[in-house]
Amino acid sequence: MQAVVLAAGKGTRLRPLTEDKPKALVEVDGKPLLEDVFDNLLRIGATELIVVVGYMKEKIIERYGDAYEGVPITYAHQREQLGLAHAILQAEPHIEDDFVLMLGDNIFRANLGDVINRQQEERADAAFLVEEVPWEEASRYGVLDTNGYGEVVEVMEKPDDPPSNLVMTGFYTFTPAIFHACHLVQPSDRGEYELPDAIDLLIQSGRTIDAIRMDGWRIDVGYPDDQEKAEERLQDDEQVLSASE
């Protein structure tokens, strides 16, 4: 199973933590974000890591080289940060079949394997891990709406008036059809090629996309206080685990 990890970002909102390193190497509880992502992917069976790098990419390449825990790493270079759909296209030459996509700045302790299992049923063209957030926070995320079967029928990037409080978490599975959709996406008002726009094109073309509700937790480390929040959550989990042993 191939896994694409998006790790090209500058992390401007994380400054000063990113003044001397890319966002993906910011540490949480003594471990770089990217390493936590790698560990999650290996745990669910990834056999190859395709890492999209950009800002201070040499620091990531020097640290991890061509393998992590025996799993080969291929690097794809995003020379300009032009949005997630653009980042995914940098991995296209290396992808052979269905693949996992994971953002390199999220800490997950959740049911990622359920998303893999759904994709392998061959009924879905894509599957996403999704979570409910407070309504007032939904406009900060990629928001989706589903039908009665749990299939995604609409996706919007940071809408002013969200149709639901169900949001994408940063963990996806796709068939290679996503690349064709990404090629068709036009720049948004922000000047970026948005992943939700590509997903919406898949939906319009009749593709089936399933939403898998998150069982567990995740923290998107976008600001310095998110780093502290993630560390506290991980330490709480460790204490619970120790108490149960």
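The values are calculated or read from the model by the stated rules, or taken from the named source; none is laboratory data. Just so we're clear, the structure is a prediction, and the values are computed from it rather than from any experiment. Every residue, glycine among them, receives a Cβ derived from its backbone with ideal geometry; neighbour counts consider all protein chains shown. Surface accessibility is based on the protein's heavy atoms, side chains included, excluding ligands, DNA and RNA. Shrake-Rupley method; radii C 1.70, N 1.55, O 1.52, S 1.80 Å.
Here are some notes:
- Selected residue (only one of Y193, Y223, Y141 is in contact with a His (Cβ under 8 Å, 6 or more places away or on another chain), in contact (Cβ under 8 Å) with a residue 24 or more places away in the chain, more than 21 Å from Q119 (Cα to Cα) and of a type in the set (F, W, Y)): Y193
- Which numbered condition K10 fails, given (1) over 19 Å from F171 (Cα atoms); (2) of a type outside the set (S, T, Y); (3) assigned to a helix (DSSP H, G or I): (3)
- Selection over segment 9-53 of residues that are surrounded by 17 or more Cβ atoms within 10 Å (Cβ to Cβ), touching a residue at least 60 places away in the same chain (Cβ under 8 Å) and in contact with a Pro (Cβ under 8 Å, 6 or more places away or on another chain) gives a count of 6.
- Failed condition for V28, given (1) modelled with pLDDT of 90 or more; (2) in contact with a helix residue (DSSP H, G or I) (Cβ under 7 Å, 6 or more places away or on another chain): (1)
- In the set (1) over 19 Å from Q2 (Cβ atoms); (2) open to solvent by less than 50 Å² (accessible area, probe 1.4 Å), the condition left unmet by K57 is number (2).
- Of all residues in segment 201-221 being in a loop (DSSP other than H, G, I, E, B) and charged (D, E, K, R), the one that is farthest from A177 (Cα to Cα): D215
- Evaluating P134 against the criteria (1) open to solvent by less than 40 Å² (accessible area, probe 1.4 Å); (2) at pLDDT 85 or above leaves one unmet condition, (1).
- Residue in segment 54-63 that is under 21 Å from R79 (Cβ atoms) and part of a strand (DSSP E or B) present: no
- Residues (of a type in the set (D, E, K, R) and at pLDDT below 95) located in segment 44-57: K57
- In segment 83-110, the residues that are modelled with pLDDT under 95, in a loop (DSSP other than H, G, I, E, B) and open to solvent by 20 Å² or more (accessible area, probe 1.4 Å): E96, D97, D98, D105
- Boolean, E80 is within 25 Å of V185 (Cβ to Cβ), at pLDDT below 90, out of contact with any Leu (no Cβ under 7 Å at 6 or more places or on another chain) and loosely packed, with under 14 Cβ neighbours inside 10 Å: yes
- Segment 142-200 holds strands (runs of 3 or more DSSP E) entirely within its bounds, and those carrying 1 or more residues that are open to solvent by 30 Å² or more (accessible area, probe 1.4 Å) map to 142-146, 152-157.
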